[in-house]
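Trainee: I'd like to ask some things about the structure below.
The values are calculated or read from the model by the stated rules, or taken from the named source; none is laboratory data. What you see is a predicted model, and the numbers here were worked out from it, not measured in a lab. We place every Cβ from the backbone using ideal geometry, glycine too, and count neighbours over all the protein chains shown.
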Amino acid sequence: MGGFFAVASKEDCVFDLFFGTDYHSHLGTRRGGMAVYNKEDGFDRSIHNIENSPFRTKFEKDVNEMKGNLGIGCISDYEPQPLIVRSHHGTYSIITVGKINNMEELIADVFKAGTSHFLEMSGGDINATEMVAALINQKENIVEGIQFAQEKISGSMSILVLTAKGIYCARDKFGRTPVAIGKKENAFCASFECFAYLNLGYQDYKELGPGEIVVMTPEAVVTLAQPGKEMKICTFLWIYYGYPSSSYEGVSVEKMRYNCGAARAKRDNVTPDSVAGIPDSGTAHAVGYANASGIPFTRPFIKYTPTWPRSFMPTIQSKRNMIAKMKMIPVHDLIQEKSLLLIDDSIVRGTQLRETTEFLYQSGAKEVHIRPACPPLVFGCKYLNFSRSSSEMDLITRRVIAELEGRDADIDFEEYVNPESDKYQSMIEKIRQQLNFTSLRFHRLDDMIESVGIDPSKLCTYCWNGKE
């Protein structure tokens, strides 16, 4: 997906920018970037590939050479960022987090408006951040340009724009992703993850509302566009994306995952020897389940973190599967002759979890009960880059539904997202058989929403029920 960090300080901001951006490494796998501004030297920027080396390693030299009191940084899962743009607004640097579904339509519109060209990336795609800049440049000022971009884009887009006078911070129109503001003496920061600034001495200042735009300087954060009333924050932030120490809309990621696990335990009737979570995001869900059920929590797999953090996963699916297996080290004494209940954050394709289950059986496990921390993923995300799959048929649910209904059938998906329906039960049983689980029960959507604890109308649940 990606994450960003920004600093406006009366002093040099590069140290804070470097570490604040690095704290977003769990959100992206491809590129890291920083841009800074100071009056003497103007804009400076650095972008590195971080697929095989961490952000900190790649930017150690840059952090000692870059200087500025204003800066923006990002971890990107796809596009090289930040960009530096010269337009009638002056020179600025820009970072985005989001997804554009109507890119071809926007390209045609921008060409009609007078833009002559875009630079293609290596895969032939247009950089989404460049498109956002092109849309911003069609208006007379940056605030109007940001609002225009967010209106034109089908999908979701949060934006940072670094100028010589300050940093514009804009949360996407429906607040699907967060933007948190931190404050300390002589400085403000903006961050996707609110925990990213705590160890840098900042305290919580405010969270931007949906569609809110502020300009951040070392002296103040001024709202230029008021937040909208409608919010649809991504529920998957709590289930999977979010780092355990973060929170969104005042709801702790770790606490929500405990709540999820406890709700799972209350609806279950199996009696395994132990409960375990697939690291990392499944662990807290498993702790919640164990605490509520009284079944011991164990770690039959230990993640080898020295060289296999999640952020270094390659983008090629076959290699992802291989590395997912390599980085999980088994503890045989906790597996042999045991009945295990495993909680993973979700089941997308099912490949990795099937291989994990097969390995457990080969290592002597008697039973493997699987409890995903969310409902079945039936719809591909339209708003964030949770998965860059080219087709919804990559989802195991869609493949199973096609097998049950026929590939050319006119399918009523309402039945397949209702846990009380026969078709839902048939789908779950077929998935269980294909992945060779002893038992399989997904989290219920109503229980998951209750585990978050905020107004359900403010949560995006599209990937589970197809409702926008």
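Trainee: State which residue is surrounded by the most Cβ atoms within 10 Å (Cβ to Cβ) when the search covers only the range 279-310 and only residues that are modelled with pLDDT under 90 and closer than 18 Å to ILE239 by Cβ. If you could, list the steps in order and put the result at the bottom.
Mentor: At the first step, the residues of the range 279-310 found to be modelled with pLDDT under 90 are 279-281, 301-310.
Of the ones still in play, those that are also closer than 18 Å to ILE239 by Cβ are 279-281, 310.
Working: PRO279: 18, ASP280: 16, SER281: 24, ARG310: 16.
Here the answer is SER281.
Trainee: For the range 145-180, which residues satisfy the criterion of being small (Gly, Ala, Ser) and in contact with a Phe, Trp or Tyr (Cβ under 7 Å, 6 or more places away or on another chain)? Let's see the steps before the verdict.
Mentor: As a first pass, look at the range 145-180 and keep what is small (Gly, Ala, Ser): 145, 149, 154-156, 158, 164, 166, 170, 175, 180.
If the condition is that a residue be small (Gly, Ala, Ser) and in contact with a Phe, Trp or Tyr (Cβ under 7 Å, 6 or more places away or on another chain), then GLY155, SER156, ALA164 are the ones that fit.
Trainee: Tally time: how many residues in the range 136-153 are crowded, with 23+ Cβ neighbours inside 10 Å and more than 25 Å from GLU468 (Cα to Cα)? Show your work before the answer.
Mentor: Looking only at the range 136-153, we keep the residues that are crowded, with 23+ Cβ neighbours inside 10 Å, and these are 136, 142, 145-146, 149-150, 153.
Add one more test, that the residue is more than 25 Å from GLU468 (Cα to Cα), and what stays is 136, 142, 145.
Looking only at that region, the number is 3.
Trainee: Moving on to the next point. Hey, can you tell me all the residues within the range 407-450 that are under 17 Å from MET256 (Cβ atoms), in a helix (DSSP H, G or I) and in contact with a Lys or Arg (Cβ under 8 Å, 6 or more places away or on another chain)?
Mentor: Hit for the range 407-450 is ASP447, nothing else.
Trainee: Would you tally the residues in the range 241-272 being under 17 Å from the mean Cα position of the chain (by Cα) and more than 18 Å from SER191 (Cα to Cα)? Please lay out each step first, then the result.
Mentor: Quick first cut of the range 241-272, residues under 17 Å from the mean Cα position of the chain (by Cα) only: 241-249, 251-254, 256-257.
In the following step, the residues that additionally are more than 18 Å from SER191 (Cα to Cα) were identified as 254, 256-257.
Residues meeting the conditions: 3.
Every residue, every condition in (1) crowded, with 21+ Cβ neighbours inside 10 Å; (2) under 22 Å from HIS24 (Cβ atoms), yes or no:
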site: GLY155; (1), (2): no, yes
site: LYS165; (1), (2): no, no
site: PHE174; (1), (2): no, yes
site: PHE188; (1), (2): yes, yes
site: LEU198; (1), (2): no, yes
site: ASP204; (1), (2): no, yes
site: PRO210; (1), (2): no, yes
site: ILE213; (1), (2): yes, yes
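Trainee: Is the range 214-225 home to any residue that is at pLDDT 95 or above, polar (S, T, N, Q), more than 30 Å from PRO375 (Cβ to Cβ) and assigned to a loop (DSSP other than H, G, I, E, B)? Break it down stepwise before answering.
Mentor: Going residue by residue through the range 214-225, those that are at pLDDT 95 or above are 214-225.
With polar (S, T, N, Q) added as a condition, the list becomes 217, 223.
Filter once more, keeping what is more than 30 Å from PRO375 (Cβ to Cβ): 217, 223.
Applying the additional criterion that residues be assigned to a loop (DSSP other than H, G, I, E, B) yields 217.
Yes; the residues of the range 214-225 include at least one that is at pLDDT 95 or above, polar (S, T, N, Q), more than 30 Å from PRO375 (Cβ to Cβ) and assigned to a loop (DSSP other than H, G, I, E, B).
Trainee: Looking at this structure, is LEU360 within 30 Å of VAL331 (Cα to Cα), hydrophobic (A, V, I, L, M, F, W, C) and assigned to a helix (DSSP H, G or I)? Outline the logic, then answer.
Mentor: Working: within 30 Å of VAL331 (Cα to Cα): yes; hydrophobic (A, V, I, L, M, F, W, C): yes; assigned to a helix (DSSP H, G or I): yes.
The answer is yes for LEU360.
Trainee: While we're on this one: Output the strands (runs of 3 or more DSSP E) that fall wholly within the range 1-88 and possess 3 or more residues being touching a residue at least 60 places away in the same chain (Cβ under 8 Å) and crowded, with 17+ Cβ neighbours inside 10 Å, or say none. Quick ask: steps written out before the conclusion?
Mentor: Working: elements: 2-9, 31-38, 42-49, 70-76, 83-87.
In the range 1-88, the matching strands (runs of 3 or more DSSP E) lie at 2-9, 31-38, 70-76.
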